[in-house]
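Data block below; observations after.
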Amino acid sequence: MAEFAKNQTTNGEQEDEEDDYMGDLSQFLSPEASNPPKPSSKKTLSGKSLAVQSSKKKKAKFLNWQEHRKQERELKQIEEDEQTLAKTEAPIPQSNIGFKLLKRMGYTPGSALGKEGSGRAEPVGLEIRRSRAGIGREDPRKEKIRREEAEAEMKRRNEKALMEDFGSRQKSQWRNRRVVVNFEKAKAALDQLENREVLVPKKSEDEEEVEEEEEEEEITAEDLLEILMKLRDEHRYCLFCGFQYESMEALLANCPGTDEDDH
Amino acid sequence: MGTERKRKLSLFDVVDETSVPGTKPKLNGGFGGAAPMAGNSLVNTWTGKAYSQRYFEILEKRKALPVWQQKDEFLQVLKNNQTLILVGETGSGKTTQIPQFVLEAVDNEYPDKRRKWMVACTQPRRVAAMSVSRRVAEEMDVAIGEEVGYSIRFEDCSSARTVLKYLTDGMLLREAMTDPLLERYKVIILDEAHERTLATDVLFGLLKEVLKNRPDLKLVVMSATLEAEKFQGYFLGAPLMKVPGRLHPVEIFYTQEPERDYLEAAIRTVVQIHMCEPLGDILVFLTGEEEIEDACRKITKEIGNLGDQVGPVKAVPLYSTLPPAMQQKIFEPAPPPLNEGGPAGRKIVVSTNIAETSLTIDGIVYVIDPGFAKQKVYNPRVRVESLLVSPISKASAHQRSGRAGRTQPGKCFRLYTEKSFNNDLQPQTYPEILRSNLANTVLTLKKLGIDDLVHFDFMDPPAPETLMRALEVLNYLGALDDEGNLTKLGEIMSEFPLDPQMSKMLVVSPEFNCSNEILSISAMLSGCFICMPIEHVHRWVSLHMMFSNWSMYKQVLVHALRDEIVAVSQYYLMKQMVSSGLYASADLPEAQKAADEAKARFGHIDGDHLTLLNVYHAYKQNNEDPSWCYENFINHRALKSADNVRQQLVRIMARFNLKLCSTDFNSRDYYINIRKAMLAGYFMQVAHMERTGHYLTVKDNQVVHLHPSNCLDHKPEWVIYNEYVLTSRNFIRTVTDIRGEWIVDIAPHYYDLENFPQCEAKRVLERLYKKREKEREENRNRK
């Protein structure tokens, strides 16, 4: 209903315009005089542009105004055409007396007419063309709408893909970083267990980070796994439990797994 | 036999004596050579008079027609079959010759002249029925209206002597209403069957039944195109005969890519052909008057710009509403070279699809086909008739290309790709029965006693919803009861060759004491010339604005209106012409004055129907004076024909004892009664103005606009309209102001609020019903 009301106003406006067009010498008067101000924003715009016109440029401006009106009229016609087309979608209801009378003649709802019931089930549809686009080419306006729709859809999809991509990239980045951190930790633990000196002075942390970044590509999950397995096999140590087990059996029994995720 | 022959010879001698001596040997020779052929006797068997010289001259030409090659074959097939299908391209001579062959055959079979029989040949168009019958009468050397006649709506030009009658398919259908087995005919020929008009399609189904009941009746179906197999299937394997046309091969070209603008592309192609192709005229198919006039101007300009390196061109428009004098221009020859020895000129005909089948132009070698045509489609869901540009069918495209090969091998330029031709064009144009409002057809079928419309043997059965709408209209008008049976009222209505709404209005008009006036209005509305779109006239006039003063304008206007009366619209037209600045300013006051006068004289502020009535009255008051008509922009011929229509309608009224009466002209009720009577017929065609100032049709709530040709000086709350068309906008045309109170009094069964969509009109009606209820109560209390 709300939609309807909107259309009503626009059409009312048009009706007024038509009266002007038919009627009188409105062209020779200033457009504001013959066209009382209307709520439409477009109207006020045109009014403004016309208000600033100088008498010299009157003719050119007048053409603009006509052009503008023509465009507006076209837009309204498109709106009306769409409305008409939408209405042609709704079939005649079963409550209609014509429906009942045809049924009385032996019509089965949903079927077609004719000796062998070979007729059309639906009336020939309306096709409204308001352009001079050739056969095989769509109405440029429809085409534009379709293109815009397709573009919007594409954009939406792209964004979604981008978001997903971004998410997964972040996740894998985080994972990679974890691998590096764990590798470092495991390496330190191994060094300790092998009674090597810990060579990680606090000072060089920044440096190390840089190194880490550089190394990032080199240190893979496999490297991590290798070192973890070495810790486990040789020292019965699990990095994630943070504990050196008494025996291999104890390790297997108490440690939930080799992975960080298992813990 | 011997004496017979002798008598003929003596008669020939008589003719010979009266004729110029110099022609004698020629006539003798011509006759001698053709002597063994049938139909070459010297006495006209129909009139008993000697044949004129002209008869023999025409006969020679007739014998050169392709169809004469197969005369014997045709007569043989006709003899052995009840139904036969004859396919022949235009130019084969079938429309004029086949009926004469048939006549000869029937005459041989039923030599007893006292027994009355006829041969009918149907035509989809009134003009064709008239012109072809005239031609055939000339060929048979008889007077039109005697042995050969025609019958079209509101005009019967035949007599008791008539043996061959050309008639519109609609007229044959009407004859079936009084003569269900069509017993007056021995042979019925359905010509131009490929056009698949509404009436032809109904006749197909009807005749199939009649043929079963009348073994002595024969049917010949004549068609021009490829649908012959479909006809054969429908008529259960009737034999098919092909008559070759005179067609030369046509080379077909497609574009590589779909065109962005088909009008531009068409003009470009014209220029290319003119520059590069050898001599020969061009035929361009476009969709409407405006486009065609536009194209003609652009072509002339573009080729003019090329200078004298190329030959001159003459661009000629062609569309059905063009005045006949202008239409004749297409037959003029191409312009001569600008200077001796210079490049030759070319004629370029820019036409709607009337040049596709119904009109033949010789000399066309190139055809440009953008692939579009205006098509009329009725939609039962919103009850609108649209007249919009749509793609043509493959069959149409084929027909169009054939136009290039009439005189020599030709070329056809299709402004679409071959892929589009294969994928985007439907094989056949939808026959009219699928695109029309069937209210009138259903009433006719009902009257013909066909009760089972669901299983009726239509060649192309219409959509169920189209029949539903028709049944609904007839039920609300009271022509069908709730069981679907024809009522007494329906019987009477079916006798009028008019739309059911109009018949209803006529039948009930005595109750409103205004049948005389309703008759005049109906007569004025029935001539299609009256309802012709004003846009066309306006456009036509504006395009020929080379004149600069009022009297010249007037001449052109009258010329433009030669076949259409547009008195209703002249006020609007003039006003628009003045305001759009097409006038030299010096003429403004005079034009304005004339416009005001015209309005004061005929215009009725309450509606177009009433304006039509005023025009008719003024015409009668001025004793049907042609010069008065000229002075007032009124087409005399059109009004004369409206007057004729009125007389026919009066006769039908008399047959059913419908009183002819009028309200006193000075009474306040004079126009009110007329408007009420119109509402009684047109209560389903009402629009209501919403508070926002625009109109919605009742029940369907379609947004519509008053057609600019209307005569109203205000915007009434309620209007009835004669038609609702979708063209450049949603228009209601020929409107009259009515009162909401009348609606609840006259058509409460249609305005049943239980079955009414929520809208402003409904709320208004609710108030009106309550008011009526209250009034009734008050009346009761008073008693």
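The values are calculated or read from the model by the stated rules, or taken from the named source; none is laboratory data. This one's a predicted model, so the numbers in the text were calculated from it and none came from an experiment. We place every Cβ from the backbone using ideal geometry, glycine too, and count neighbours over all the protein chains shown. Note: areas computed on protein heavy atoms with side chains; ligands, DNA, RNA excluded. Shrake-Rupley method; radii C 1.70, N 1.55, O 1.52, S 1.80 Å.
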Original post:
To the nearest µm²/s, what D does Stokes-Einstein give for the stretch B:681-734 at 25 °C and 0.890 mPa s, using the Kirkwood radius over alpha carbon pairs as Rh?
Top reply: 220
Subject >> Derived scalar couplings ³J(HN,Hα) [the stretch B:150-164; Karplus, 6.51 cos²θ - 1.76 cosθ + 1.60; whole Hz; x for Gly, Pro] >> reply: 9, 8, 10, 4, 6, 8, 10, 10, 8, 9, 5, 7, 4, 10, 10
**OP:** For peptide B:424-433, compute the average count of partner chain beta-carbon atoms within 10 Å of each residue's beta-carbon.
**Re:** 1
Original post:
What is the ratio of the Cα radius of gyration of the stretch B:42-194 to 2.2 N^0.38 Å, where N is its residue count, to two decimals?
Top reply: 1.00
**OP:** Show the residues, 5+ positions off or on another chain, whose built amide H is closer than 5 Å to the amide H of B:Cys121.
**Re:** B:Lys165, B:Tyr166, B:Leu167, B:Ile189
Subject >> Rg/Rg_ref, the stretch B:432-488, where Rg_ref = 2.2 N^0.38 Å and atoms are Cα >> reply: 1.04
Original post:
Among the listed pairs B:Lys61/B:Lys374; A:Lys144/B:Lys762; B:Lys376/B:Lys715, which are separated by more than 31 Å between their Cα atoms?
Top reply: B:Lys61/B:Lys374; A:Lys144/B:Lys762
**OP:** Which order do the peptides B:710-716, B:639-645, B:84-90 take when ranked by the mean count of other beta-carbon atoms within 10 Å per residue, highest first?
**Re:** B:84-90, B:639-645, B:710-716
**OP:** Output the peptides B:93-100, A:114-121 sorted from most to least packed, where packing is the average of other Cβ atoms within 10 Å over each peptide's residues.
**Re:** B:93-100, A:114-121
Subject >> Backbone N within the stretch A:74-106 under 20 Å of label point (7 Å from B:His455 Cα along the Cβ vector) >> reply: A:100-106
**OP:** At a 1.4 Å probe radius, which order do B:Asp201, B:Asp752, B:Asp261 fall into by accessible area, largest first?
**Re:** B:Asp752, B:Asp261, B:Asp201
**OP:** Work out the FRET efficiency for B:Gln621 and B:Ile58 from their Cβ-Cβ distance, taking R0 = 41 Å, and round it to the nearest 0.05.
**Re:** 0.30
**OP:** Would you mind calculating the gained length between B:Asp700 and B:Ser131 on full extension (0.36 nm times residue separation, minus the Cα-Cα distance), in nm to one decimal?
**Re:** 200.5 nm
Subject >> Interface area, A with B, accessible, probe 1.4 Å, both sides summed, Å² nearest 100 >> reply: 6200
Subject >> Peptide ranges B:140-149, B:280-289 listed from the most packed, as the mean C-beta count within 10 angstrom indicates >> reply: B:280-289, B:140-149
Subject >> log₁₀ of I(q)/I(0) at q = 0.14, 0.16, 0.24 Å⁻¹ - the stretch B:276-347, Debye sum with one point per alpha carbon >> reply: -0.47, -0.61, -1.17
Subject >> 10 Å-binned pair-distance histogram of the stretch B:354-479 (Cα, whole percent) >> reply: 11, 32, 25, 19, 11, 2
Subject >> Simple spin-label estimate for A:Arg146 and B:Ser320 in nanometres, 7 Å along Cα-Cβ >> reply: 3.2
Original post:
Protein chains only, probe 1.4 Å: how do B:His609, A:His235 rank by accessible area, largest first?
Top reply: A:His235, B:His609
Subject >> Shielding of B:700-711 by partner chains, average beta-carbon count, 10 Å >> reply: 3
Subject >> Dimensionless Rg over Rh [the stretch B:626-681; C-alpha; Kirkwood] >> reply: 1.08
**OP:** Put one equal scatterer on each alpha carbon of the stretch A:118-162, apply the Debye formula with no solvent term, and list log10 I(q)/I(0) at q = 0.13, 0.24, 0.32 1/Å to two decimals.
**Re:** -0.53, -0.85, -1.07
Original post:
Once the Cβ-Cβ distance between A:Arg178 and A:Lys155 is put in as r, and R0 is 51 Å, what FRET efficiency do you end up with, to the nearest 0.05?
Top reply: 0.90
**OP:** Provide the gained length on full extension for the span B:Arg691 to B:Trp628, in nm with one decimal, where the gain is 0.36 nm per separating residue minus the Cα-Cα distance.
**Re:** 18.4 nm
Original post:
Can you give the Rg to Rh ratio for the stretch B:469-524, taking only C-alpha atoms and Rh from Kirkwood?
Top reply: 1.00
Subject >> Exposure ranking of B:Arg161, B:Arg346 by accessible area [1.4 Å probe, largest first] >> reply: B:Arg161, B:Arg346
**OP:** Take the Cα pairs of the stretch B:667-776, get the Kirkwood Rh, then feed it into Stokes-Einstein at 37 °C and 0.692 mPa s and tell me D in µm²/s.
**Re:** 227
Original post:
Can you list the residues of the stretch A:77-94 whose accessible area drops by at least 50 Å² going from the chain on its own to the full set of protein chains, with a 1.4 Å probe?
Top reply: A:Glu80, A:Thr84, A:Lys87, A:Thr88, A:Ile92
**OP:** Could you list which residues have their amide H under 5 Å from that of B:Thr83, counting only those 5 or more apart in sequence or on another chain, with H placed in the peptide plane?
**Re:** B:Leu219
Original post:
Measuring from label point to label point, each 7 Å out along Cα→Cβ, what is the B:Gln758 to B:Arg668 span in nm?
Top reply: 4.0
Original post:
P(r) tail for the stretch B:189-289, what percent of Cα pairs lie past 19 Å?
Top reply: 63
